[in-house]
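The values are calculated or read from the model by the stated rules, or taken from the named source; none is laboratory data. On a predicted model such as this, the values are computed, not experimentally measured, just so you know. Here the Cβ positions follow ideal geometry from the backbone for every residue, glycine too, while neighbour counts run over all protein chains shown.
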Amino acid sequence: MSIAIVWFRRDLRLTDNAALGEALASADAVVPVYVHAPDEEGPWAPGAASRWWLHYSLKELDKSLAGRGSRLVVRHGPSLDALLALVEETGAGAVHWSRLYEPALLERDKRIERELADRGIQAASHGGHLLVEPWAVKTGQGDPYRVFTPFWRACSPLLGELAPPARAPRRLPGGDALPRSVELGELGLLPTIRWDSGLAEKWSPGETGAAAALARFAQESLGAYDADRNRPDLAGTSRLSPHLHFGELSPRQAFAAARAPGLGDSKGAESFTRELGWREFSHHLLFHFPHTTDAPLDARFDRLEWQRDTARLEAWRRGRTGYPIVDAGMRELWHTGWMHNRVRMIVASLLTKNLFMHWLEGARWFWDTLVDADLANNTLGWQWTAGCGADAAPYFRVFNPVLQAEKFDPARDYIRRWVPELARLPDKYIHCPWTAPREILDAAGVEPGRSYPLPVVEPRGSRNDALARFEALKTGRK
DNA sequence: TGAAATGTTGGGGCG
DNA sequence: ACGCCCCAACATTTC
């Protein structure tokens, strides 16, 4: 009887999972395994919000495995030791997994593949985390793309060839002879101080929750996605990012949903597919430029001396910058583990271009607080905003938090929800309370500097400041 | 997936 | 009727 280990990592689903499918097709029994080894991800080990999500996603995976005659075997790392022990205990002849593309994991997986092969164990990695493999798309010169539009155009013929998502298996043979597992709780993924009630309210980690989120999105929001995706006050976005990050949903499933009859030709489906394209782009870039997690892609930015100011950084983190749209976003993040993408750009622009603080400070905070924290997306996003990344916003592109708020939160609902101390201000002043006359502030019960902070930085001057520093960088002066 | 400064146009008030 | 000015609306340039 042949036995195969399915090593689950961030493909926490049974549907459209090539590693699982191949294991089932090639062996008589499978052993589903998760190995907890956060330190193998180097300086970018999962943050607190990610760990919370992971706990519940693993719990869900175990539950759906149990419904199919199996269970999830959980072990502590190091990964290689755990896998070798499991091979020994079960007599497995193969280990299957879905490929990931973060630099530290690529290296680790390569080593594990070698070690397994040396011992005569088949080590098989499978695609599925991306629509297109990073090595499959190159420019005419054979280089990786650095600009999104031509990149996405080059992907197009490959997308046309995508097979439809595979079905989940009905039964997993081998469940009667599984090796021991540690309790999920022993992994210590959940916070000791229970700050996670806001997360639990908003999210349903796991494959079932992912499928429900996709169905809701396809039915309710995809049609108007093109316009509504920029509105933080509406449920206009897909909110699939954490599900995609943990592989509770394959990008191919999301892609297929947007292509469903009646939607495939809509503008909304087109822009949503394009967003999936950005996800591909960020992963491809990280694969080709692994150092960009910690260093700018544009090396000229190495010479920049960013501001260090603990008090201001803390004001930004906690949503006390005095800019309502920024504070609303930072509080939404803190409370729900997520922030609307439009608002991510606004808060990132303020941090890097008005406060002139290092994009890594922002990247690290997002990393710890986002349930969808993803090294490729986070790196691309922050370098894009700071202007040092691929297809980046030019250094002079600085968001004005008041104008952005007026444009994308026209009804002021987003501010009133997340910055309740301003809720009674009239529409005219709620995006810029520092311009309100005394009597209006009094009537609304707002005391600038006390009940709500004054702006940490003056936008015009700080913008010009930043421009000057970027300008010096461009011309080579310092 | 920028904002602000600057330039251009055209309608309307008015002497 | 005409020229002049104002200014909103839109376009272009610059950072």
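Details
- When A:Arg216 is tested against the conditions (1) surrounded by 16 or more Cβ atoms within 10 Å (Cβ to Cβ); (2) modelled with pLDDT of 95 or more, the lone failure is (1).
- Entirely in the stretch A:379-447, the helices (runs of 4 or more DSSP H) that have 3 or more residues that are surrounded by 17 or more Cβ atoms within 10 Å (Cβ to Cβ), more than 9 Å from DNA strand B (Cβ to nearest atom) and in contact (Cβ under 8 Å) with a residue 40 or more places away in the chain: A:413-418
Residues checked against (1) farther than 26 Å from A:Leu375 by Cβ; (2) under 19 Å from the mean Cα position of the chain (by Cα):
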| residue | (1), (2) |
| --- | --- |
| A:Pro32 | no, no |
| A:Glu41 | no, yes |
| A:Gly47 | no, yes |
| A:Leu58 | no, yes |
| A:Pro78 | no, no |
| A:Ala92 | yes, no |
| A:His96 | no, no |
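- Restricted to the stretch A:58-115, and to residues there that are under 21 Å from A:Trp44 (Cα atoms) and of a type in the set (S, T, N, Q), the residue that is surrounded by the most Cβ atoms within 10 Å (Cβ to Cβ) is A:Ser98.
- Residue within the stretch A:350-371 that is within 14 Å of DNA strand B (Cβ to nearest atom) and assigned to a loop (DSSP other than H, G, I, E, B) present: no
- Test result for A:His291, touching a Leu at 6+ places or on another chain (Cβ under 6 Å), modelled with pLDDT of 95 or more and closer than 27 Å to A:Ala386 by Cβ: no
Here's the yes/no breakdown for (1) surrounded by fewer than 24 Cβ atoms within 10 Å (Cβ to Cβ); (2) within 16 Å of DNA strand C (Cβ to nearest atom); (3) not assigned by TED's automatic domain parsing to the domain that holds A:Ala436:
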| residue | (1), (2), (3) |
| --- | --- |
| A:Arg317 | yes, no, no |
| A:Gly322 | yes, no, no |
| A:Ile325 | no, no, no |
| A:Met330 | no, no, no |
| A:Leu333 | no, no, no |
| A:Gly337 | no, no, no |
| A:Arg342 | yes, no, no |
| A:Thr352 | no, yes, no |
| A:Met357 | yes, no, no |
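- Which listed residue is more than 20 Å from the chain's Cα centre (by Cα) and of a type in the set (Ser, Thr, Tyr), from A:Ser266, A:Ser271, A:Ser250: A:Ser266
- Checked against the criterion of being touching an Asp or Glu at 6+ places or on another chain (Cβ under 6 Å) and either among the basic types (Lys, Arg) or within 28 Å of A:Ala254 (Cβ to Cβ) (or both), the stretch A:25-35 contains not a single residue that satisfies it.
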